[in-house]
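Visitor: This is the structure I want to talk about, given as structure tokens.
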Amino acid sequence: MNENIKAASSKKHEPRFHIVKRDQMKWQKAWAIRFVAIVSALLFSALITVLLTGVDPIKFFSALVDGAFGTSRRRWLLIYETSILLCVALALTPAFKMRFWNTGGEGQVLIGGMATAACMILLGDKLPTPLLFLVMIVASVAAGAIWAVIPAFFKAIWNTNETLFTLMMNYIAIQLVGYFCQIWATPKGSGTIGIIPNGQFPALFGNQYLLNVIVVVALTAFMFVYLKYSKHGYEISVVGESENTARYIGVNVKKVIVRTVALSGAICGMVGLLLVAGTEHSITKNTAGGRGFTAIIVSWMAKFNPLYMVFSALLIVFMDRGAKQVTTLLKLNDSFSEIITGILILFIIGCEFFINYKIASKSHKEDKN
Amino acid sequence: MNNVPAIELRNITKRFGTKVVANKNVSLTVERGEILAILGENGSGKTTLMNMISGIYFPDEGQILINGEEAVIASPKDAFRYGIGMIHQHFKLVDVLTAAENIVLGLKGSFNLKKAAEDVKRIAAQYGFEIDPMKKIYAMSVSEKQTVEIIKVLYRGADILILDEPTAVLTPQETEKLFKILRKMRDDGKSIIIITHKLHEVLAISDRVAVLRKGEYVGTVVTAEATETSLTEAMVGKKVDLNIERSLSANTPDRLIIKGLTCVNRDLQKVLDNVSFTARSGEILGIAGISGSGQRELLEAIAGLQHIQSGEISYIDPNSGVLENLRDKTPVQIRDLGVRLSFVPEDRLGMGLVGNMDITDNMMLRSYKAGNSAFLHRKEPRMLANEIIESLEVVTPSVSTPVRRLSGGNVQKVLVGREISSAPTVLMAAYPVRGLDINSSYTIYNLLNQQKERGVAVIFVGEDLDVLVELCDRILVLGSGKVTGILDGRSTTKEEIGLYMTKSTAMEAEENTAKEENADE
């Protein structure tokens, strides 16, 4: 502190830079900044790759694109992965808009998948297929909703911290799945559930992934309208912005919290259904695959707008799949692709700072003394 | 005495962002042994300017000279080094510590609390403060806390004192006491800068007045040569009519009857204690009291937002004369009873409106539920928004501008406009002019008067006693949650209200100290 004062008395302590909040920026300019951020992220990750591995940067980019779009199968995988990630992001969004930080998407997806798998294993040979599907849908949606409502209920009544609570629920779900993987293991003792023969969703028009795409398109449209034009969506915004205002206008805050989070969990549960019955036909601890967390970024990057989420989900999946191809090509391990995806996310989130603030330097006149 | 001013500001400019210029080219001087009042409306840059002298902000351009030498004040520590101390509007004290502990808190080196307490007593005696250095902050009244803040600054050797709106929280009697002390300090050679927007106080205390308008320095006048009208003109930039019309309604039937209302907070302390009164149609009932005396709780209890421990709230329907019980009803249930109760809460953007929503969406806060559709109808709210923008002259780029981007006065017009639009029979407004400039304030007073003339029972919680005395038909005074008096607005004076305001707090304070002493034994 003494140094400060000395510095002040010698008149060299004037701050040279300061951060200034911007006025509302034109959307074109904001998007230009975001675009620059994405390009910089690509260049930076190429640079990192080149420095670490000595590979030709052209090769890096071509591998990136190849990994995402190279073959028909890869393109479909890109679409499928995007649709699943988007689904989870859409599920989290109403809760986020209400400032309820649902970090439990992972667990809600898993428990939905668990419920699906349980129906397929236990009822698969007992019920006719249409009825089995119905039971699977109800069970998965209900399981996801219940998993989310437990923390919501505690939040509404005792104002517990939902971030920690939903996070903890993830671990319970993961361990539950681990437990049942032992119980239902085929063959016994292997610790894994093999392909479950009954209750698999049929491939639409011979395409295993099409169902997901249809579901997610419908869900995106629904969520956009729900949040923007419905009375429920309005209540969610009011509760999120200010609980006091909600009380003032007579909104039952507890009810809105529980209802919204139940919806959030229900959609997550449905994602579990799509994963287990639609594509994987089995379940492991990794079925949700971290999407519950990645979806948080997708939702935030899109500023909770369901339409923008299509792009943010696509971008993240593109980077992820592209980076995996780069990794394979360079014979590195999985961590490397995560570094590259991490760089992209850092740049995209970081660029929001430059949209909201600018750095101003001070004009100096003191040199004259 | 030499002629070098204690502080000289030269061409100070401070910007926030690109558009907001909080201070533009301000140059002024503060002499030794004088009280300079800085006068200006809210948002005119008074506090920003003072924050630059006390090291909280750093000017973008310009120089500050202390005792004739250029000073670089980059932190509050630097400011103290130059002998500058600021007493902020919101106190910065640790509740569980004593006055003496708070005063030495943050000083370097070891300290002797006993000696500190003696020093505090010596300073207090010198200027006529009343203070007990060993009293804990939480047991103190607002004016005592302010005393601690002032002594804290003096203890650190400040001879330039800046007081930001020091009288906002004081009763007229306490204000008079503070002014006496300030005069004594001035006579002792200290320079005092007092920020305020209350004209009569400026005239009472200051030697000179520096006026700011929209961040620009208008000029300095010698107080003896100024009048309320001339200062207002300088401050606003045009002539303003400072009279509030008060009509006398011929017919004032009872509208809202409160009997024995008692509410407790989370710590089970009574925030409202056996409150009884009647609000009448065609009348403005003022509610006065030191802030935090139960005003907010009272209005929220009536609006159905507070848990009520005991008592009755009854509403008399103007058409049928039927008595409706409002106690333990939610806002929605009250509305469903057909009671048109409007409420302009104190916290405009945190309760009355949603800052991030646009004007249209804020219009439908109260009405969005109407109808069976699951979807919102934005057509009528948009029309209402346009109507209010036009009739109340709300300055806004468009109806789809988020309300938080509007200025304080315009935010309040949107809120009051919405609440009036439902043709209320009871209108409650808590501090509706706080933070508003003079013109907007008078717009709000006029709106309240119009409602009164339409036969609305208006309940107005205010802090400016001059306004309460001019505007209200009756004034209810709250002290620590109790009704200490209901006065006739036409015959009472603000001194009388001031006496009633402190009536029960004085009793409380005595009780508190008695308790403390008992606990010590």
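Visitor: Suppose we filter region A:274-293 for residues that are under 15 Å from A:Tyr80 (Cβ atoms) and not in a loop (DSSP other than H, G, I, E, B); how many remain?
Guide: The total comes to 8.
Visitor: Hey, could you check region B:317-336 for residues that are within 22 Å of A:Gly250 (Cα to Cα) and among the aliphatic types (A, V, I, L, M) and say which is surrounded by the fewest Cβ atoms within 10 Å (Cβ to Cβ)? Give the steps one after another, and end with the answer.
Guide: The first filter runs over region B:317-336 and keeps only residues within 22 Å of A:Gly250 (Cα to Cα), leaving B:317, B:324-336.
From what is left, the residues that are among the aliphatic types (A, V, I, L, M) are B:326, B:332, B:334.
Working: B:Leu326: 23, B:Val332: 14, B:Ile334: 20.
In this case the residue turns out to be B:Val332.
Visitor: Considering each residue of region A:162-187, count those that are farther than 21 Å from A:Val276 by Cβ and out of contact with any helix residue (DSSP H, G or I) (no Cβ under 8 Å at 6 or more places or on another chain), and give that number.
Guide: Summing the residues that are farther than 21 Å from A:Val276 by Cβ and out of contact with any helix residue (DSSP H, G or I) (no Cβ under 8 Å at 6 or more places or on another chain) in region A:162-187 gives 4.
Visitor: Would region B:57-66 turn up any residue that is within 14 Å of chain A (Cβ to nearest Cβ), surrounded by fewer than 20 Cβ atoms within 10 Å (Cβ to Cβ) and free of Cβ contacts under 8 Å to residues at least 24 places away in the same chain?
Guide: Yes, region B:57-66 contains at least one residue that is within 14 Å of chain A (Cβ to nearest Cβ), surrounded by fewer than 20 Cβ atoms within 10 Å (Cβ to Cβ) and free of Cβ contacts under 8 Å to residues at least 24 places away in the same chain.
Visitor: Of the conditions (1) outside any helix (DSSP H, G or I); (2) touching a Ser or Thr at 6+ places or on another chain (Cβ under 8 Å); (3) within 20 Å of B:Arg280 (Cα to Cα), B:Glu463 satisfies every one except a single condition; which number is it?
Guide: The failed condition is (3).
Visitor: Regarding B:Asn319, is this residue over 30 Å from B:Glu496 (Cβ atoms), in a loop (DSSP other than H, G, I, E, B) and touching a strand residue (DSSP E or B) at 6+ places or on another chain (Cβ under 6 Å)? Walk me through it before giving the result.
Guide: Values: over 30 Å from B:Glu496 (Cβ atoms): yes; in a loop (DSSP other than H, G, I, E, B): yes; touching a strand residue (DSSP E or B) at 6+ places or on another chain (Cβ under 6 Å): no.
It is false that B:Asn319 is over 30 Å from B:Glu496 (Cβ atoms), in a loop (DSSP other than H, G, I, E, B) and touching a strand residue (DSSP E or B) at 6+ places or on another chain (Cβ under 6 Å).
Visitor: Out of all the residues in region A:202-215, is one or more touching a strand residue (DSSP E or B) at 6+ places or on another chain (Cβ under 9 Å), surrounded by 13 or more Cβ atoms within 10 Å (Cβ to Cβ) and within 14 Å of chain B (Cβ to nearest Cβ)?
Guide: no
Visitor: Here's something else I'd like to know. With respect to B:Asp119, determine if the residue is of a type outside the set (A, V, I, L, M) and within 14 Å of chain A (Cβ to nearest Cβ).
Guide: In short, no.
Visitor: Tell me whether region B:323-341 contains one or more residues that are among the acidic types (Asp, Glu), more than 29 Å from A:Gly240 (Cβ to Cβ), away from chain A (no Cβ under 14 Å) and more than 26 Å from the chain's Cα centre (by Cα).
Guide: The first filter runs over region B:323-341 and keeps only residues among the acidic types (Asp, Glu), leaving B:324, B:328, B:336.
This time we only want the ones that are more than 29 Å from A:Gly240 (Cβ to Cβ), so: B:324.
If we keep only those that are away from chain A (no Cβ under 14 Å) too, we end up with B:324.
Now restrict to residues that are more than 26 Å from the chain's Cα centre (by Cα): B:324.
Among the residues of region B:323-341, at least one is among the acidic types (Asp, Glu), more than 29 Å from A:Gly240 (Cβ to Cβ), away from chain A (no Cβ under 14 Å) and more than 26 Å from the chain's Cα centre (by Cα), which makes the answer yes.
Visitor: Just to be sure I understand the filter: pairs with C-beta atoms under 7 Å, separated by 6 or more residues or on different chains, first member in region B:296-314 and within 14 Å of chain A (Cβ to nearest Cβ) and under 15 Å from A:Tyr248 (Cβ atoms), second member of a type in the set (Gly, Ala, Ser) and surrounded by 21 or more Cβ atoms within 10 Å (Cβ to Cβ). Which pairs pass?
Guide: The qualifying pairs are B:Arg296/B:Ala430; B:Leu299/B:Ala430.
Visitor: Something else about it: Tell me the residue from B:Leu36, B:Leu65 that is touching a Pro at 6+ places or on another chain (Cβ under 9 Å) and hydrophobic (A, V, I, L, M, F, W, C), please. Reasoning before the result, please.
Guide: Details: B:Leu36 fails: touching a Pro at 6+ places or on another chain (Cβ under 9 Å).
Just one listed residue meets the conditions, B:Leu65.
Visitor: If you scan region B:367-407, which residues turn out to be charged (D, E, K, R), under 26 Å from the mean Cα position of the chain (by Cα) and not in a loop (DSSP other than H, G, I, E, B)? I'd like the intermediate steps shown before the answer.
Guide: First, pick out the residues of region B:367-407 that are charged (D, E, K, R): B:369, B:378-380, B:382, B:387, B:390, B:393, B:404-405.
Within this subset, residues satisfying the condition of being under 26 Å from the mean Cα position of the chain (by Cα) are B:393, B:404-405.
Passing the criteria: B:Arg404, B:Arg405.
Visitor: Identify all residues within region B:202-230 that are in contact (Cβ under 8 Å) with a residue 60 or more places away in the chain and in contact with a Phe, Trp or Tyr (Cβ under 8 Å, 6 or more places away or on another chain); write none if there are none. Write out each step before concluding.
Guide: Taking region B:202-230 as the starting set, the residues that turn out to be in contact (Cβ under 8 Å) with a residue 60 or more places away in the chain are B:202, B:205-217, B:220, B:223.
Of everything in region B:202-230, those that are in contact (Cβ under 8 Å) with a residue 60 or more places away in the chain and in contact with a Phe, Trp or Tyr (Cβ under 8 Å, 6 or more places away or on another chain) turn out to be B:Ile205, B:Ala210, B:Val211.
Visitor: Give A:Trp147, A:Trp101 a once-over and let me know the one that is closer than 18 Å to A:Val298 by Cβ and either among the aromatic types (Phe, Trp, Tyr) or surrounded by fewer than 17 Cβ atoms within 10 Å (Cβ to Cβ) (or both). So that I can check it myself, show each step before the final result.
Guide: Details: A:Trp147 fails: closer than 18 Å to A:Val298 by Cβ.
Only one candidate qualifies: A:Trp101.
Visitor: Could you list, in sequence order, all residues of region B:350-373 that are out of contact with any helix residue (DSSP H, G or I) (no Cβ under 6 Å at 6 or more places or on another chain) and either touching a residue at least 12 places away in the same chain (Cβ under 8 Å) or facing chain A (nearest Cβ under 7 Å) (or both)? Explain how you work it out, then say what you get.
Guide: So in region B:350-373, the residues out of contact with any helix residue (DSSP H, G or I) (no Cβ under 6 Å at 6 or more places or on another chain) come out as B:357-358, B:361, B:365-367, B:369-373.
The answer is B:Met357, B:Asp358, B:Asp361, B:Leu365, B:Arg366, B:Ser367, B:Lys369.
Visitor: Restricting attention to region B:295-311, does a residue exist that is surrounded by fewer than 18 Cβ atoms within 10 Å (Cβ to Cβ), over 30 Å from the mean Cα position of the chain (by Cα) and assigned to a loop (DSSP other than H, G, I, E, B)?
Guide: The answer is no, given that none of the residues of region B:295-311 is surrounded by fewer than 18 Cβ atoms within 10 Å (Cβ to Cβ), over 30 Å from the mean Cα position of the chain (by Cα) and assigned to a loop (DSSP other than H, G, I, E, B).
Visitor: Additional query: Can you tell me which of B:Lys259, B:Lys238 is at pLDDT below 85, out of contact with any helix residue (DSSP H, G or I) (no Cβ under 7 Å at 6 or more places or on another chain) and not acidic (Asp, Glu)? Reasoning before the result, please.
Guide: Numbers: B:Lys259 fails: at pLDDT below 85.
Going through B:Lys259, B:Lys238 in turn, just one is at pLDDT below 85, out of contact with any helix residue (DSSP H, G or I) (no Cβ under 7 Å at 6 or more places or on another chain) and not acidic (Asp, Glu): B:Lys238.
Visitor: Only one of (1) surrounded by fewer than 18 Cβ atoms within 10 Å (Cβ to Cβ); (2) in contact with a Gly (Cβ under 8 Å, 6 or more places away or on another chain); (3) among the hydroxyl-bearing types (Ser, Thr, Tyr) is not met by B:Ser440, so which one is it?
Guide: Against the list (1) surrounded by fewer than 18 Cβ atoms within 10 Å (Cβ to Cβ); (2) in contact with a Gly (Cβ under 8 Å, 6 or more places away or on another chain); (3) among the hydroxyl-bearing types (Ser, Thr, Tyr), B:Ser440 comes up short only on (1).
Visitor: Ok, one more. Out of A:Glu235, A:Glu162, report the one residue that is away from every other protein chain (no Cβ under 14 Å) and charged (D, E, K, R). Write out each step before concluding.
Guide: Details: A:Glu235 fails: away from every other protein chain (no Cβ under 14 Å).
Result: A:Glu162 is the single residue among A:Glu235, A:Glu162 that is away from every other protein chain (no Cβ under 14 Å) and charged (D, E, K, R).
Visitor: Which residues, counting only those in region A:238-257, are more than 7 Å from every other protein chain (Cβ to nearest Cβ), among the β-branched types (Val, Ile, Thr) and either on the phi > 0 side of the Ramachandran plot or surrounded by 20 or more Cβ atoms within 10 Å (Cβ to Cβ) (or both)? Write out each step before concluding.
Guide: Pass one, region A:238-257, residues more than 7 Å from every other protein chain (Cβ to nearest Cβ): A:239-240, A:243, A:246, A:251-257.
After this cut, where a residue has to be among the β-branched types (Val, Ile, Thr) as well, the list is A:239, A:251, A:253, A:256-257.
The answer is A:Val239, A:Val251, A:Val256, A:Ile257.
Visitor: Can you pull out the residues in region A:273-330 that are closer than 30 Å to A:Lys59 by Cα and of a type in the set (Gly, Ala, Ser)? Reasoning before the result, please.
Guide: Initial filter on region A:273-330 (closer than 30 Å to A:Lys59 by Cα): A:289-291, A:294-295, A:297-298, A:301, A:309-330.
Across region A:273-330, the qualifying residues are A:Gly289, A:Gly290, A:Ala295, A:Ser312, A:Ala313, A:Gly322, A:Ala323.
Visitor: Next question, about the same structure. Inspect all residues belonging to region B:159-181 and state whether any of them is out of contact with any Ser or Thr (no Cβ under 9 Å at 6 or more places or on another chain) and among the hydrophobic types (A, V, I, L, M, F, W, C).
Guide: No.
Visitor: Are any residues in region B:9-53 of a type in the set (D, E, K, R) and away from every other protein chain (no Cβ under 14 Å), and if so, which ones? Talk me through it step by step, then tell me what you get.
Guide: Residues of region B:9-53 of a type in the set (D, E, K, R): B:10, B:14-15, B:19, B:24, B:31-32, B:34, B:41, B:46.
Those that are of a type in the set (D, E, K, R) and away from every other protein chain (no Cβ under 14 Å): B:Lys24, B:Glu31, B:Arg32, B:Glu34, B:Glu41, B:Lys46.
Visitor: Sort through B:Ala6, B:Ala79, B:Ala99, B:Ala74 and tell me the only one that's crowded, with 21+ Cβ neighbours inside 10 Å and within 14 Å of another protein chain (Cβ to nearest Cβ).
Guide: Criteria check complete, one pass: B:Ala79.
Visitor: Conditions first: (1) modelled with pLDDT under 90; (2) not in a helix (DSSP H, G or I). B:Asn410 passes all but one, so which condition is the exception?
Guide: Status for B:Asn410: all satisfied but (2).
Visitor: Here is a further query. Mind checking which helices (runs of 4 or more DSSP H) fall wholly inside region A:183-250 and carry at least 3 residues that are of a type in the set (A, V, I, L, M)?
Guide: Answer list for region A:183-250: A:210-229, A:231-241.
Visitor: Pick out the one residue from A:Lys254, A:Lys303, A:Lys331, A:Lys358 that is over 20 Å from the mean Cα position of the chain (by Cα) and assigned to a loop (DSSP other than H, G, I, E, B). Steps first, please.
Guide: Values: A:Lys254 fails: assigned to a loop (DSSP other than H, G, I, E, B); A:Lys303 fails: over 20 Å from the mean Cα position of the chain (by Cα); A:Lys358 fails: assigned to a loop (DSSP other than H, G, I, E, B).
Every option except A:Lys331 fails the conditions.
Visitor: Separate question: Considering (1) without any contact (Cβ under 8 Å) to a residue 24 or more places away in the chain; (2) basic (Lys, Arg); (3) more than 9 Å from chain A (Cβ to nearest Cβ), say which one B:Arg378 fails and leave the rest.
Guide: Going through the list (1) without any contact (Cβ under 8 Å) to a residue 24 or more places away in the chain; (2) basic (Lys, Arg); (3) more than 9 Å from chain A (Cβ to nearest Cβ), B:Arg378 breaks only (3).
The values are calculated or read from the model by the stated rules, or taken from the named source; none is laboratory data. Predicted model only: the values in this text are computed from it and were never measured. Quick reminder, even Gly has a Cβ in these numbers, built from the backbone with ideal geometry, and neighbours come from all protein chains shown.
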